[in-house]
Structures are given as structure tokens and as C-alpha cells.
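Chemist: For reference, the structure I am asking about is given below.
The values are calculated or read from the model by the stated rules, or taken from the named source; none is laboratory data. Only a predicted model underlies this, so the values are computations on that prediction, with no experimental measurement involved. Note that we place each Cβ from the backbone using ideal geometry, even for glycine, and neighbour counts take in every protein chain shown. We work out accessible area using only protein heavy atoms, side chains counted, and drop any ligands, DNA or RNA first. Shrake-Rupley method; radii C 1.70, N 1.55, O 1.52, S 1.80 Å.
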Amino acid sequence: MGTIKTFETTVLAAAEGEFLRALSDTRQLALAGDLLGAEWSGTELSAAAARQLLLEPGRIADKDAVWRHLVARAREAGGVWTLAAVGMAAPMLKRTAAIAAERFGGMRKDDLAAEVLAGFLEHLAGMDLERPGICVRLRWATWRAVVKAGSAEAAAPVPHDNATSMPPQLPLSHPDVVLARAELAGVITSAEADLIGMTRLDEVSLAEAAECLGVTANAAKIRRQKGEARLVAFLTGQPIPARKDLKHARTRSAQVTAPAMA
């Protein structure tokens, strides 16, 4: 079973260590306290100090302001600002890797850590900063990239000459793999896969998922219902309904999750 401690010797831990070493004061990089709230207005904080505040539940009212600034500066300047973004996200990235280790037991921890970091950096460069829930969206975009990598490895043929020494592969019926297969087949979109995965498999509330998408909870619910209706048809070998025909789709969660988890 994967734990955060499992990844303390990987590239994720190395990046976090460099973040704490280089950005523990304001000499290389400073964040305006105004980004973190009125309590710190007029002050400058180190990235390490800002991360500690961000990790305290309920302490920072507008985390999006901090992340919007971090991502924008990382895109413009790179260097220590990219390191700051990775270091800020390191606890989340290690949790993501630990969850992936449980679901993709056949992947080496170093490979998993590298996929997590690569997925994070890829989406750091291209995500929409105008939508809310920046950090949460980064988390799920990173997770989705890892799922794709893990699914591809699980589906790869096992060489016969050393099959007995190969680690066990993820079953093709695993929920994450099912979603990846459906997305690859064009049955559901990447956004629908994220929404279903977040709310059905990883216990993210529909309200939180809606915030990530920048829509109302009811709109997110309808999107999920439409995606799940197509997913159920895909899993049961039925004709895939066109999205325009799903205007009034109301798929019950039990009908959806049972085939997906099979």
C-alpha cells in the first residue's frame, strides 16, 4: 500500500527539499502578504511560510489569489517560481502518488512520482486561471494524467520470458481504467471523466466539483448524468446515445456505479 512516506526518496521529495532550502526566506522569492489576506497586508512572506499558512484549514480565505499569482509568475519567469509552485503543491502531489500506488501496484514508485510531477507541470502551463478552484483543478488534472499512464502500463502485454517476475497489473475492469477506456473511445469527454472520477470514486462532493468547473452544482449534476448515461451504454454494449438526446437524462447513481465498479 502506498503512503506519503513511500515517496520521500523520489523526485517529489527532492523538489520539496529544494523548495524548503531555497525558498525558506524572501531573498530569492517573496509573496505579497496581501495575496493571503488582510492579516498580512503590507508584509512579504517567503514561499515556505506562505505554504504553511495555506496548509492550515480555513486560514486563507482566497487560496485562488495565491495560486493564480504563482502559476502566472511560473509561466512568465520559470525558475524559482516554478519551484515555488511545485513546492507549494508537494504535499498534495505526494498524496496523489500514494493513492496512485494503491491503484496501480504494478508501477515503480519512481515512475509514479515522475508521472505525477510531469502531469502537474503540464497542466501548470496550460490551465485556465480565470476559473475558480485552481489548486483543486490542478490536483485532478494531475491525477488524470497519472491514471492514463497507469492504464497504459496495465494494458501493455506481459513478456512471456519473464512473466513470473513481473508485478501484478491493474485489472482492466478497475474503475479508473474503465473511465480511461471510455474517454479514449470518445464515449465521454475528459471533463466528464474527471467529474465522474472525482465524485463517484474519490468522494469529492458535487459542490466542490462544480466549483472546479465554474458551474452550479445542478449543472454539474446534469453533466454527470449525461456522461454516466453514455458510460453505462458503453459498459453494457448498448448503442451510445447522442448528447442531444440526453436532455432529460436522469441516471440513478446505483445504475451507474454498479457496472463501473464491476
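Chemist: Over the alpha carbons of the stretch 55-97, what is the largest minus smallest coordinate on each principal axis, giving the biggest first in Å?
Modeler: So the three principal-axis extents are 30, 26, 12 Å.
Chemist: Which Rg and Dmax, in Å, describe the Cα atoms of the stretch 36-144?
Modeler: Rg then Dmax for the stretch 36-144, in Å: 14.5, 50.
Chemist: Return the Rg/Rh ratio of the stretch 1-92 with Cα-based radii and a Kirkwood Rh.
Modeler: Details: Rg = 13.3 Å, Rh = 13.6 Å.
Taking Rg over the Kirkwood Rh, I get 0.98.
Chemist: Summing Lys, Arg as +1 and Asp, Glu as -1, what charge do residues with Cβ under 14 Å from the Cβ of ALA74 carry, ALA74 excluded?
Modeler: Values: positive: ARG68, ARG73, ARG75; negative: GLU76, GLU122.
Here the charged neighbours net out to +1.
Chemist: Ok, one more. Could you compute Rg(Cα) / (2.2 N^0.38 Å) for the stretch 85-138, with N its residue count?
Modeler: Details: Rg = 11.9 Å, N = 54, 2.2 N^0.38 = 10.0 Å.
Against the compact-globule rule of thumb, the ratio is 1.19.
Chemist: Under the rule of at least 5 residues apart or a separate chain, name every residue whose amide H is placed under 5 Å from the amide H of GLU44.
Modeler: For GLU44, the qualifying residues are GLY33.
Chemist: If you don't mind, another one. Can you give the accessible area of MET127 in Å² (nearest 10), computed on protein heavy atoms with a 1.4 Å probe?
Modeler: 20 Å²
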